[in-house]
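A.B. asks: Structure incoming, see below.
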Amino acid sequence: MTTPGPVGILGGTFDPIHHAHLRLAHEAWMACGLAQVRFIPSATPPHRAAPGADASHRLAMVELAIAGNPAFVADRRELDRDMPSYTIDTVAGLRTDLGADRPLCVIVGADAFALFETWRRSRELLDAVHLI
């Protein structure tokens, strides 16, 4: 049995989502042969101020921005949490949903990458995903 293609994960507040988010996702999708890119809006970001727009509006903005691209998926899992959004927890949920063998690729911009060492369980995260 072959493993389905890798899944890209692009998280953020998306307050608002903009062209750079979409371009980053597209470039990662093309360059890395991703099966899909999941846009995962953060409910309570631990590394920055709370978003100005509420969660439902930010999710709606993501859905509108990615409409028409079947490789892009809006994923609301972090919005359904009552605690801060940590990538390691999101990855654990995706592992449960997608299986242990599905490659997961976290897509990060230079700004997020510069703070990567401050992410919760960052070294463990490196064992669980590929960084793009």
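The values are calculated or read from the model by the stated rules, or taken from the named source; none is laboratory data. Please read all numbers here as calculations on a predicted model, not as lab measurements. With ideal geometry, Cβ positions are generated from the backbone for all residues, glycine too; neighbour counts draw on all protein chains shown. Quick note on the areas: whole protein, heavy atoms, side chains included, nothing else; ligands and nucleic acids left out. Shrake-Rupley method; radii C 1.70, N 1.55, O 1.52, S 1.80 Å.
A.B. asks: Sequence-distant or interchain residues sharing an amide H contact under 5 Å with T13, placed H: which?
C.D. replies: Here the answer is S42, since their amide H atoms fall under 5 Å of that of T13.
A.B. asks: Using Cα springs under 10 Å in a Gaussian network model of the chain, which residue among L79, L98, L59 shows the largest mean-square fluctuation?
C.D. replies: Result for the chain, Cα springs under 10 Å: L98 fluctuates most.
A.B. asks: Classify segment 1-94 as rounded, prolate or oblate, taking a ≥ b ≥ c as the square roots of the eigenvalues of its Cα gyration tensor: rounded when a/c is under 1.5, otherwise prolate if a/b is larger than b/c and oblate if not. Could you put the intermediate results ahead of the total?
C.D. replies: Values: a/c = 2.01, a/b = 1.36, b/c = 1.48.
In terms of gyration-tensor shape, oblate.
A.B. asks: Please give the per residue accessible area of the chain, computed with a probe of 1.4 Å over protein heavy atoms only, in Å². Working shown, then result.
C.D. replies: Numbers: 7240 Å² over 132 residues.
Accessible area per residue, the chain: 55 Å².
A.B. asks: In nm, to one decimal, how far is the modelled label at L64 from the one at F113, with both set 7 Å along Cα→Cβ?
C.D. replies: Inter-label distance under the simple model: 3.1 nm.
A.B. asks: Moving to a separate point now. Can you compute 3J(HN,Hα) from phi for each residue in segment 41-58, using the Karplus curve 6.51 cos²θ - 1.76 cosθ + 1.60 with θ = phi - 60°, rounded to whole Hz and x for Gly and Pro?
C.D. replies: Values, residue by residue: x, 7, 6, 10, x, x, 10, 7, 5, 4, x, x, 8, 6, 4, 5, 5, 5 Hz.
A.B. asks: So what are the ³J(HN,Hα) numbers for segment 113-119, from phi and the Karplus equation (6.51, -1.76, 1.60; θ = phi - 60°), rounded to whole Hz, Gly and Pro as x?
C.D. replies: 5, 4, 9, 4, 4, 8, 5
A.B. asks: I'd like the Karplus ³J(HN,Hα) series for segment 16-32: coefficients 6.51, -1.76, 1.60, θ = phi - 60°, whole numbers in Hz, and an x wherever there's a Gly or Pro.
C.D. replies: Values per residue, Gly and Pro as x: x, 5, 9, 4, 4, 4, 5, 5, 4, 4, 5, 4, 5, 4, 5, 5, 9 Hz.
A.B. asks: Leaving out ligands, DNA and RNA, what percent of the accessible area of segment 1-52 is carbon and sulfur, probe 1.4 Å? Provide the component values of the computation, followed by the final result.
C.D. replies: Working: 1590 of 2710 Å².
Carbon-and-sulfur percentage of accessible area, whole number: 59.
A.B. asks: Now for a separate question. Amide H of A74 versus every other amide H placed in the peptide plane: which residues, excluding those fewer than 5 positions away on the same chain, fall under 5 Å?
C.D. replies: Hits under the 5 Å cutoff: F39.
A.B. asks: Using a cut-off of 9 Å between beta-carbons, work out the net charge of the residues near I88 (Lys and Arg +1, Asp and Glu -1, I88 not included). Could you put the intermediate results ahead of the total?
C.D. replies: Numbers: positive: R120, R121; negative: D89, E124.
That works out to 0.
A.B. asks: Check V108: other-chain or 5+ apart residues with amide H under 5 Å from its amide H, H built from backbone geometry?
C.D. replies: I132
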